[in-house]
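Coordinate-derived values only; no laboratory data. Everything numeric here is computed off the predicted structure, so don't read it as measured data. Because the Cβ atoms are built from the backbone with ideal geometry, glycine has one as well, and the counts that use them run over all protein chains shown.
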Amino acid sequence: MKQPIFKQDSGFTLVEVLVAISILLIVAAAMAGLFTGSFQGVVSSGERSEALFELQKQAEQDLASADIGSDIIKIEFVDVSISGRQGTLRRSFSNGKEVVINVFIPD
Amino acid sequence: MLGNQKGYALPLTLIVILVLFILGTVVIGVTTAQVKESVIQQERVQAHYLAYYGADAVARWIMDNPEQIPLGDSLPVELDTGTFEVNVEQVSPNLLRITSTGTVNGRSQTVAVELTGTSAGAGIPLLDMAVFAIGHGGTNPAIALTGSSQIIGPAGTNATAENQVSLDWSTHIYGDLFIGPGGSGDVTVRQANHQSGNVDGSITPLFEERVYPGVNFPDFPEHLPQREDLLTPWTPSLYYEINADGRYDLIHNSSSRTLTFDLQGETRTIRVRELRIEGDVVLKNVEPDGKLLIYVDEIFNTSGNREINWNGDPSRLTVILADSVPFTANPYAQYKFCGNVITNHGNVSVGAGSSFKGNIISANGDVSVTGAGNVMDLIYAPNGHVRLENSGDMEGAIVANTFAGYVDVRLRFREPDPSILPFDIFDHSSGGGGTGKLTWGNPRWIGE
C-alpha cells in the first residue's frame with residue numbers, strides 16, 4: 001500500500017528543499033517583475049496626475065503659451081461657421097511620456 | 001504537519017507562494033486600477049477642455065455677432081485628442097444656453113454657458129411676439145382672451161400677479177407664453193380649459209423684465225406758409241391736388257372727391273386744424289423719397305367707403321394727431337387706410353370691415369379693432385389698452401400695457417417693420433429700446 005507523501009520518514013527532504021527553493025526563486029522573480037512594474041505604474045500615474053494638474057493650470061491661466069496649429073478648423077452650424085485653430089498644451093513626464101490638452105482657439 | 005520533522009519545506013513553499021500570489025494579485029489589481037484611473041482622469045480633463053473652449057468660442061462669437069445666433073447643433077469638430085460638438089438653444093427670449101460636449105476615447109464631458117440678452121441702446125424695440133403686454137397695474141388683466149379668440153405666435157407680459165393672463169375655455173395661444181421674471185404659470189395664467197390647456201407652447205418666466213420705450217411724440221411744424229381752406233365743390237374735372245407744403249385751417253374733400261397729394265419725390269408737410277376725409281386720397285410722384293406728413297391739430301374726421309393711399313406704400317403716408325384727437329377709421333363703412341398713424345392721448349379705432357395697413361403708434365391712448373376690421377403690421381401703445389373685438393383680425397405685433405381679444409379674434413404674429421415710420425418715434429430716454437435684436441453678454445457657466 002502506498003504511503004501518503006508527507007508521512008514518509010525517508011528521502012525527499014534535500015530534493016524537496018532544492019525543488020522548493022527553485023520554485024520559490026522562480027515565483028519570487030516573476031513576482032518581483034510584477035511588483036516593479038506595478039510600482040513604476042503607480043509612480044508614473046502620480047507623475048501623470050501632476051503633469052495634468054500643471055497643464056490644467058496652464059489651460060486656465062496661460063492659454064497664450066499653447067502651440068497654435070496651422071490648419072483652420074471650423075465649428076459649423078447650419079447658418080454660421082466659426083473659424084479657429086487647434087491649440088496644443090503638452091507636458092512630459094516619466095520615460096518620455098507626455099500629457100496633451102487640445103483646445104479650440106477662435107481666430 | 002509542522003510537528004513533522006520531514007518533508008515540510010515543499011508545502012511551506014506552496015503556502016508562501018499562495019500568499020505571495022494573493023498579495024501580488026491584490027497589489028497588481030490596485031495599481032492597475034490606479035493607473036487606469038489616472039488615464040481616465042486625463043481623458044476626462046482633455047474632454048472637458050475640448051468642450052469648454054468650444055462653448056467659449058461660440059459664446060464669444062454670439063456676443064460679437066448678436067444678430068447671427070447659430071441655433072441648433074454644430075457638426076462634430078475634430079482635434080488631435082478628440083472631438084467636440086456645440087448646441088445653442090434659446091431657452092427664452094432673453095436667455096441663450098450654449099452646451100458643448102467634448103469626447104476623448106469614448107469618454108464625454110459636457111459644459112454649458114448661459115448668455116443673457118439685453119435691449120439697451122438706441123434703435124427699435126424688440127418686436128418678437130404677437131403681443132407683449134407690459135401689464136403695469138390697472139383693472140384689466142395684462143392679457144385676456146374670451147370666446148374663441150386666438151393668438152397665433154408667442155405672447156408675453158411682465159406681469160406675475162394672479163390671473164394676469166386670463167384665457168377662457170375655447171381660447172388658445174398657439175405658441176409659447178412668457179410671464180414676468182419669477183412668475184409661476186399656475187398663478188399668473190388662468191387656463192379655463194383644465195383638460196387640454198389653452199396654451200400650446202411652454203409657459204416660461206422671462207429672465208428679466210422687458211422695458212419698452214415711450215413714444216417720442218413729434219413737435220408740430222411752425223413755419224409753414226398759410227394756405228386757403230381746401231374744399232372740393234363740384235367741378236367738371238373733379239380733380240383736386242395739393243402740391244406744396246402748407247398750413248391749413250380746413251381740408252375737406254367732400255362729395256366723394258378724390259384728393260391728390262403731389263409729393264414731387266420729396267417730403268410734403270401739411271399742418272391742418274381740421275381734416276375731413278370724405279373721398280379717396282391718392283399720392284402721386286412719390287419716387288424717389290416722397291413722404292406725406294399730415295399734422296392734425298384739432299379735428300380728424302372720416303366717413304364713407306373710402307380708400308386712403310390704399311394701393312400705395314404705407315411708408316409714404318403718416319398722419320400725426322395732436323393732444324387728444326382720436327383716429328377713427330369709420331366704424332360704419334369699409335374704410336381702407338395704408339400708412340402710419342401717430343396719436344398722443346387720442347384713441348385709435350378701426351372698425352366694421354375697415355382695413356388698416358401700416359403702424360399704429362399711440363403715446364398714451366388706447367387702440368381698438370372691432371367688427372370685422374383688420375390691421376396689419378404694428379400696434380404700439382405702451383401706456384394704453386389694445387382691444388381686438390368681434391372678429392377683429394390682425395397680422396403683425398402688438399405692444400401694449402394691456403391687451404384683450406374678445407369674442408372671436410385672430411392675432412397672427414408677423415414681424416413688423418417699424419423702420420417705415422418717417423422718424424424715430426421711440427423715446428430712448430424712457431429706457432428700454434434696443435437695436436431690434438438683443439445684445440448678449442453676462443456669461444454664466446453651468447456645470448453638468
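Quickly estimate the mean residue ellipticity at 222 nm for chain A, helices only: each DSSP H run with n ≥ 4 gives -39500 (n - 2.57), and the total goes over all residues, rounded to 500.
One gets -17000 deg cm²/dmol as the mean residue ellipticity at 222 nm.
Using θ = phi - 60° and the Karplus relation 6.51 cos²θ - 1.76 cosθ + 1.60, list the HN-Hα couplings for region B:223-234 in order, rounded to whole Hz, with x at every Gly or Pro.
9, 9, x, 6, 10, 5, 4, 10, 10, 10, x, 5
In region B:1-81, which GluC sites (Glu not before Pro) are in a loop and have at most 16 other Cβ atoms within 10 Å, using DSSP for the loop call?
B:67
Among the DSSP beta bridges whose two residues both lie in chain B, what percent are antiparallel, rounded to the nearest 5?
Taking every DSSP beta bridge with both residues in chain B, the antiparallel ones total about 25 percent.
In region A:15-106, with Lys and Arg counted as +1 and Asp and Glu as -1 at Cβ, which of these residues, A:101, A:75, A:38, has the Cα nearest the positive end of the dipole, that is, farthest along it?
A:38
Using a simple charge model, +1 on the beta-carbon of Lys and Arg, -1 on the beta-carbon of Asp and Glu, nothing else, what dipole does region B:158-210 show about its Cα centre, in debye to the nearest 20?
60
For chain B, what does the relative contact order come out to in percent, with C-alpha contacts under 8 Å and a separation of six or more? Write down the numbers at each step before the final one.
Working: 1278 pairs, mean separation 69.8, N = 448.
It rounds to 16 percent for chain B.
Treating the angle as unsigned and between 0 and 90°, give the value, to the nearest 10°, between the Cα long axis of helix B:9-64 and the longest Cα principal axis of chain B.
10
If you take the charge dipole of chain B about its Cα centre, with +1 on Lys and Arg Cβ and -1 on Asp and Glu Cβ, which of B:348, B:411, B:118 is farthest toward its positive end?
It is B:118, whose Cα lies furthest towards the positive end.
Springs between alpha-carbon atoms under 10 Å, Gaussian network over chain B: tell me which of B:150, B:90, B:41 tops the mean-square fluctuations.
B:41
Could you list the chymotrypsin sites (Phe, Trp or Tyr not before Pro) in region B:213-302 that lie in coil according to DSSP, counting only those with at most 11 other Cβ atoms within 10 Å of their Cβ? Each step should come with its number before you reach the end.
Values: sites: B:234, B:239, B:240, B:248, B:261, B:295, B:300; in loops: B:234.
Answer in residue order: B:234.
Go ahead and estimate [θ] at 222 nm for chain B from helices alone: -39,500 (n - 2.57) per DSSP H run with n ≥ 4, summed, over the residue count, rounded to 500. Walk me through the numbers on the way to the answer.
Values: 2 runs with 60 residues, N = 448.
After summing the helix terms and dividing by the residues of chain B, the value is -5000 deg cm²/dmol.
Would you mind checking the radius of gyration and Dmax of the protein assembly as shown based on alpha-carbon positions, in Å?
Calculated on Cα positions, Rg and Dmax stand at 39.8, 152 Å.
Contour minus end-to-end for residue B:71 and residue B:18, with contour as 0.36 nm per residue of separation and end-to-end as the Cα-Cα distance?
Extra length from residue B:71 to residue B:18 when fully extended: 12.8 nm.
How long is region A:15-106 along each principal axis, judged by its Cα atoms, biggest number first, in Å?
Rounded to whole Å, the extents work out to 83, 29, 18 Å.
Take peptide B:23-36, look around each residue's Cβ out to 10 angstrom, count Cβ atoms belonging to other protein chains, and average those counts.
That works out to 4 on average.
Any idea what the dipole of region A:15-106 comes to, in debye rounded to 20, about its Cα centre with Lys/Arg Cβ at +1 and Asp/Glu Cβ at -1?
Values: 7 positive and 11 negative charges, 23 e Å.
Charge dipole of region A:15-106: 120 debye, to the nearest 20.
Say each of residue B:192 and residue B:27 gets a label point 7 Å from the Cα, pointing the same way as Cα to Cβ; how far apart are those two points in nm?
Modelled inter-label distance: 8.2 nm.
Can you find, among B:235, B:214, B:35, the residue sitting farthest towards the positive end of the charge dipole of the protein assembly as shown, where Lys and Arg contribute +1 and Asp and Glu -1 at Cβ?
B:35
Could you give the angle, 0 to 90 degrees to the nearest 10, between helix A:13-61's Cα long axis and the longest principal axis of the Cα atoms of chain A?
10
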